[in-house]
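The values are calculated or read from the model by the stated rules, or taken from the named source; none is laboratory data. It should be emphasised that the depicted structure is a prediction, and the values quoted were computed from it without experimental measurement. With ideal geometry, Cβ positions are generated from the backbone for all residues, glycine too; neighbour counts draw on all protein chains shown.
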Amino acid sequence: MFSTKEYLDKKTGPYGIGRLSYLQALVNEFQETKSESAKEEVLANLANFSYDPINYDFLRRLGVIDLFLDNLTENNTKLVQFAAGGICNICLDKENKEYILKNDGVHLLKQCLVSDDEDTVMSAITSLMYLVTPQSKPEITSPPVVAHMTQLSTSPDKRISNLATVFLQDYCSEEQRTEGREAIGLTGHG
């Protein structure tokens, strides 16, 4: 359920910690802690807060989108998973989408398509679909991405195969799909 300003005011009361203050505390903890498990927990919390549009302005002001983008290339699988989930949750907003596109988000998400973590792959595919604009579509549907999506469409994980198939059907031309199948050595129609 999305929160309204009135709901948050009622819930936190006149002396309760504000949403911005709480999110700032999370960001500070992430930046200051040396514990990998604490970083994972904080990034997971920030990704969850990214579901609610009422948090978007706070998250932008606190640089959380940069935090997500920066963690897409970490060696820690959980940090990458939560960062990809955070991008997926926040990227439908027009301002957030533009920011992600301007800050190499497509390139970073494309790298996540090869992750061994299924949740990371799911978030990356979904985010790429959400980030399609007339300007970003050529990069998002480039031959290497289409070939990789074609490979993912054959995944034994039905969630991944179904999502990759939707990507191919909804965002790629028949010519692109044919080239993708040829690139990975598949023949046939689809």
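General observations
- Being modelled with pLDDT under 95 and out of contact with any Gly (no Cβ under 8 Å at 6 or more places or on another chain) holds for only one residue in Lys5, Lys97, Lys34, Lys39, and it is Lys5.
- Each residue in region 149-159 was checked for being more than 22 Å from Glu139 (Cα to Cα) and outside any loop (DSSP other than H, G, I, E, B), and 2 of them qualify.
- Helices (runs of 4 or more DSSP H) contained entirely in region 17-69, each with at least 2 residues that are acidic (Asp, Glu) and surrounded by 13 or more Cβ atoms within 10 Å (Cβ to Cβ): 36-49
- Qualifying residues in region 160-188 (those that are part of a loop (DSSP other than H, G, I, E, B) and polar (S, T, N, Q)) - the one surrounded by the fewest Cβ atoms within 10 Å (Cβ to Cβ): Thr187
- Boolean, Val145 is out of contact with any strand residue (DSSP E or B) (no Cβ under 7 Å at 6 or more places or on another chain), free of Cβ contacts under 8 Å to residues at least 40 places away in the same chain and not assigned by TED's automatic domain parsing to the domain that holds Asn28: yes
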